[in-house]
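Here is the structure we will look at.
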Amino acid sequence: MSTFAQTSAPSGLATRQEWLAILARTPRARMKEALDTALDGVSPPEFDWLRAPDIGLAMVRGRIGGTGDAFNLGEVTVTRATLRLRVREGRAAVGVAVHMGRDKERATLAALADALLQTPAFEARMHEHLLAPLAARITESRAQKQARAAATKVEFFTMVRGD
Amino acid sequence: MYVAVKGGERAIERSWDLLAVNRRGDEAFPELSVDQIREQLRLAVARVMTEGSVYDEELAALAIKQAAGDLVEAIFLLRAYRTTLPRFGYTVPLDTQAMQVERRISAAFKDIPGGQMLGGTYDYTQRLLDFSLLAEGGLRACNTDAKLASASKQEPKQEAMPRVLALLDKEGLIEQEKMHDDAPEPGDLSREPLMFPVERPVRLQNLARADEGFLLAVGYATQRGYANSHPFAGEIRHGEVAVELEIEELGFAVEIGDIEITECQMINQFAGSSKVPPTFTQGYGLAFGHSERKAMAMALVDRALRAQELGETVAAPTQDPEFVLYHSDNVEASGFVQHLKLPHYVDFQSELELLRRLRAGMEKEAQHEQQVPHVQQEPSEENAA
Amino acid sequence: MLPDKLSTTLHSSNAAGIDLATLTPGFSDTVHDSQGVFRALLDALSRPGKIVSIDAVLPGFEQDGGTHVPMAAFAALLALADYSTPVLLQHEHRGLSDALRFHTGAPLTLDLAQAVFAYLHDAASMPPLDAFSLGDPETPENGAMLFIRVDSLEHGTPMTWRGPGIRDKQSVHIAGVPASFWHERALLASEFPCGIDCYFVHGGSVIGLPRTTRVEVA
């Protein structure tokens, strides 16, 4: 999942797995901002917590030699949340957020965004005004890092012994 | 035996106050912020996360601030804090091949696909103290950024960076670490104590959390002949890797963010045996953050500890898992060394009594011999204790 | 991405996904509620024969949602189970298994020897006790813990219990547990320190029965 601006889905819209990866990498302030833009004054539906924001740890695993069997490397802090929208009719979307760090408010926003992305009434606006700019932000930030690193690449040259 | 000693609560509370004053230092200077530590002491944060065994930059930075820069103390704080958080599960093993590489070098091969990328490293600095850093250099930073920005515009997109060790594989000259379908779940030192014999995954977990200084010394020792490894740095990479967690209610794995890690593969000789032709063998190191010294030392020690499984003679303490793995944890080591500060009054009192008795006994014997001279003197005994 | 085998959390006897639309909520205050439940369970096991009620707040828990799973059993499993403790459910309870998997991450198992916790809804037809893990001499604590639904904790088969945690003797009445259970349990006594520990559950209350208690059925 190295390019966030493109999706593997034939529809051209990010799949759930892809958009969750985007939401997980979005800082709280950006998420808030983007959600406000996407909602454009419309109140999101209310929701019930299936799992109120919860902070814990996940043990990160590496592979021996990078390619072999797994070993436990060390833990990473994780915040997760699951909510269920209250809808009068139709299937109530369930929003899930799981991301590194200890930020309950961010998890709330991300879970809400995930739920709205599954709700027909909000879907289109969310893809266009929330996901697309967030994806672009991540792609740009990565490109910048990549470029700075590439500037440190060694260009070997051989001395030509001239006559 | 520890003596329960009463009293001293007031002294302890005053000690806390003094500690806080010392930690703050001269109030004429601005207080350090956790954000500053996180951003500007990144390598200290990396060490505390790796040995504290928790990847959370803010927590590590906070621990460093609280410990006034004593990193082993900060590591202790982080280890203690993690015990208060529930464990959600295990991540999908990291795919370091898919790393967003900032630095990637090989000392074994010069021309490698993707090239030698130096990244940001102290390796080429001249180790001269930079007094310009005494003044805050905001402008300076701007210039550096501009230089990088203009240089980077000329660079093509980053090429693919396959593993260097895979290149050697084509001739079958280096052992390749493969996944085994029937591999058991790796042991977890954060849940079970270290028990012997130790399998490689648990050894690697122990080494990952191990004190960098200890590992460095043991690694150095392997190079000086304690173990016979003749290592080459096959590949060292540093950058960001995605972390994935399987979410049961979703039925698939999601990326939950990226972590910065450093990975090192050391290439070592292996003499071969009657059954196996000589091949290169690997040592592996992996650490949080930008921690090259740690990852390299870890790889050297990993290889040394493989002596038995590779059929080599275990001759040096560096190859002895009991010696290396039991003394590698600085929280444990620090605890036992510093426990000597606890009251041992009764212990010591009884030692004192014993010593006095022995001395008295010896003097008595000496007096007795003077009164009854022997033809041959027995050689006098030294203190029996 | 490198191919990988399934992690243990997906080794579930219920291969279907969790139905989030009908999921039973868990504790509203995970930290304090689970501590409270743990305390109650500890109290019950420390004083065998004492009826202890579990005052957990479980909004939306419907005991009569067709399954009749006692609230105390659900609360106990929520508090104790986690990703490292396989849970065995004697009968398929979709609501219970979904809730356990979601809230605790516990893997479900049908392998009696693997189960750390077991919920036995139907005492009359429960599996033989020695089929569960009894632990081993170095780790006797690995013996299974059974939660057995009963019809009453106050009326039923009269028994006299003796042993650690009981001053002299305790008179206990439990309805709905077959004689075979007491017989099988008595045979396990010779395995001490290995063995199994039990909780009898009815509604919001439990009676604890550790392996050290000697039971005399009248």
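The numbers here are math on the coordinates, done by the rules we state, and not lab data. Nothing here was measured: the structure is a model prediction, and the numbers come from that model. As a convention, Cβ positions derive from the backbone with ideal geometry for all residues, glycine included, and neighbour counts pool all protein chains shown.
Sparsely packed loop sites in the range A:102-163 (the trypsin sites (Lys or Arg not before Pro) outside DSSP H, G, I, E and B with at most 13 other Cβ atoms within 10 Å) comprise A:Arg161.
Comparing the range B:12-82 with the 2.2 N^0.38 Å rule of thumb, its C-alpha radius of gyration ratio is 1.11 (two decimals). What pairs from A:Lys145/B:Lys294; B:Lys178/B:Lys294; B:Lys6/B:Lys364; B:Lys178/B:Lys275; B:Lys65/B:Lys147 go past 30 Å between their alpha carbons? Violating the 30 Å Cα-Cα cut-off are B:Lys6/B:Lys364; B:Lys65/B:Lys147. Determine the shape class of the range B:215-341: with a ≥ b ≥ c the square roots of the Cα gyration tensor eigenvalues, call it rounded for a/c under 1.5, and otherwise prolate if a/b is greater than b/c, oblate otherwise. Cα axes put the range B:215-341 in the oblate bin. Computed over the range C:29-217, the Cα gyration tensor eigenvalues convert (square root of 5λ each) into semi-axes of 24, 19, 16 Å, ordered from largest to smallest.
Helix C:179-188 and the long axis of chain C differ in direction by around 90°, with both axes built from C-alpha atoms. Between the helical axis of C:71-80 and the longest alpha-carbon principal axis of chain C there is an angle of about 70 degrees. Angle check, please: helix C:94-104 long axis (alpha carbons) against the longest principal axis of chain C (alpha carbons), in degrees 0 to 90, nearest 10. Taking the Cα atoms of chain C, the angle to C:94-104 is about 80 degrees.
Taking a straight Cα-Cα cut-off under 18 Å and skipping sequence neighbours fewer than 8 places away in the same chain, the lysines within cross-link reach of A:Lys104 are A:Lys32. Farthest towards the positive end of the charge dipole of the protein assembly as shown, among the residues A:Ser141, C:Pro137, B:Gln176, is the Cα of A:Ser141, using unit charges on the Cβ of Lys, Arg, Asp and Glu. Straight-line reach from C:Lys169: taking Cα to Cα under 29 Å and skipping same-chain neighbours fewer than 8 places apart, the lysines in range are C:Lys50. In this simple spin-label model, placing a label point 7 Å from the Cα along the Cα-to-Cβ direction at both B:Ser190 and B:Gln126 gives a separation of 4.5 nm. Taking 19 Å as the straight-line reach from the Cα of B:Lys110, the lysines in range (excluding those fewer than 8 positions away in the same chain) are A:Lys153, B:Lys170.
Of the GluC sites (Glu not before Pro) found in the range B:49-106, no site is in coil according to DSSP while having at most 11 other Cβ atoms within 10 Å of its Cβ.
Each 10 Å bin from zero up to the one holding the largest Cα-Cα distance in the protein assembly as shown carries the following percent of pairs: 2, 11, 18, 20, 19, 15, 9, 4, 2, 1, 0, 0.
Inter-chain neighbour count for B:50-56: the average number of beta-carbon atoms from partner chains within 10 Å of each residue's beta-carbon is 5.
Each label was represented as a point 7 Å from its Cα along the Cα-to-Cβ direction; for B:Tyr81 and C:Glu216 these points are 5.8 nm apart.
In whole angstrom, how far apart do the alpha carbon centroids of the range A:41-111 and the range B:237-312 sit? About 28 Å separates the Cα centre of the range A:41-111 from the one of the range B:237-312. Considering only B:Met49, B:Ala68, B:Ile37, and ranking their Cα positions along the charge dipole of the range B:12-82 that arises from unit charges at the beta-carbon of Lys, Arg, Asp and Glu, the one farthest toward the positive end is B:Met49.
Placing one equal scatterer on every Cα of the range A:16-137 and applying the Debye formula, the log10 ratio I(q)/I(0) at q = 0.11, 0.14 Å⁻¹ is -0.41, -0.62. State the Cα centre-to-centre distance between the range C:153-212 and the range B:157-233 in whole Å. Their Cα centres are 51 Å away from one another.
If you take the Cα atoms of chain B, find Rg, then find the Kirkwood Rh from the mean of 1/r over all pairs, what is Rg/Rh? Radius of gyration relative to Kirkwood radius: 1.09.
When you restrict to C-alpha pairs under 8 Å that are six or more residues apart and normalise by the size of chain C, the relative contact order lands at 23 percent.
The trypsin sites (Lys or Arg not before Pro) of the range B:2-79 that meet both conditions, a loop assignment by DSSP and at most 13 other Cβ atoms within 10 Å of the site Cβ, are B:Lys6.
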